[in-house]
Amino acid sequence: GFFRDGDGSEIVRAYSVYSDDHGESWTMGTPVGTEMDENKVVELSDGTLMMNSREHVRTGHRWVALSHDGGATWEGLHRDPSLVDPGNNAHITRAYPDAPEGSSKAKWLLFSHADSLPNDRVDGTVELSTDDGATWVRGRLFKPGACQYSVIIATGRDEYALMYEGDDEEIVFARLDLDWILNR
């Protein structure tokens, strides 16, 4: 979000808003980084939270930070050189959200985004990580050409719902499975 610095200038920083009581009350976490926005958060296999943010300044890669206290504070801020970002909203999710903490399937993440250079919102792609986001394997191109914001969520039985903004700002819904993602 936008914050006012001490001199009144605006600064863009990422933060989380979280609830520990099923939404009855909400707390804002400590802001992290600068020039980050449209962040997404995913829980890793050990309970750590990973924030994945768009670059507000468009240098070509996603920002990543970790929280070990449920989103109150963030550390280890770095650009992930594996995840290209053209300055576009992307989405990260666990491939198996119900997998037991610490299990190998709990480490599987999916990332949907426009896989292109800064300012070129094209080539919608799903990436896969089997190690809590430490490394990424290019999954599959789901939309050549114009592709902007995207969201991918698990729906069960190794199936996923994908929504994205395609040609002429058309909103597209697709159902896919891991076999499709992995068979490039």
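Descriptive notes on the structure:
- When segment 70-107 is filtered for residues that are at negative phi, open to solvent by less than 70 Å² (accessible area, probe 1.4 Å) and either of a type in the set (Lys, Arg) or over 12 Å from the mean Cα position of the chain (by Cα) (or both), the ones remaining, listed by number, are Ala72, Thr73, Trp74, Leu77, Ser82, Pro86, Arg94, Ala95, Tyr96, Ala99, Ser103, Ala106.
- Of all residues making up segment 131-147, the number that are open to solvent by 50 Å² or more (accessible area, probe 1.4 Å) and not in a strand (DSSP E or B): 3
- Members of segment 116-130 that are open to solvent by less than 60 Å² (accessible area, probe 1.4 Å), part of a loop (DSSP other than H, G, I, E, B) and touching a Lys or Arg at 6+ places or on another chain (Cβ under 8 Å): Pro118
- Candidate set from segment 148-169 (those that are in contact with a strand residue (DSSP E or B) (Cβ under 9 Å, 6 or more places away or on another chain), farther than 14 Å from Val122 by Cα and not hydrophobic (A, V, I, L, M, F, W, C)); member that is surrounded by the most Cβ atoms within 10 Å (Cβ to Cβ): Tyr160
- Of all the numbered requirements in (1) more than 26 Å from Ala65 (Cβ to Cβ); (2) without any contact (Cβ under 8 Å) to a residue 24 or more places away in the chain, Lys143 misses one, and that requirement is (2).
- Here Gly23 meets the list (1) touching a residue at least 40 places away in the same chain (Cβ under 8 Å); (2) over 27 Å from Asp158 (Cα atoms) almost entirely, failing just condition (1).
- Any hit, segment 20-33, residues being buried (at least 20 other Cβ atoms within 10 Å of the Cβ) and closer than 30 Å to Glu170 by Cα: no
The values are calculated or read from the model by the stated rules, or taken from the named source; none is laboratory data. What you see is a predicted model; the values in this text were computed from it and never measured. Note: ideal-geometry Cβ built from the backbone for every residue, glycine included; neighbour counts use all protein chains shown. When the accessible area is computed, the model is the full protein with side chains, heavy atoms only, and any ligands, DNA or RNA have been set aside. Shrake-Rupley method; radii C 1.70, N 1.55, O 1.52, S 1.80 Å.
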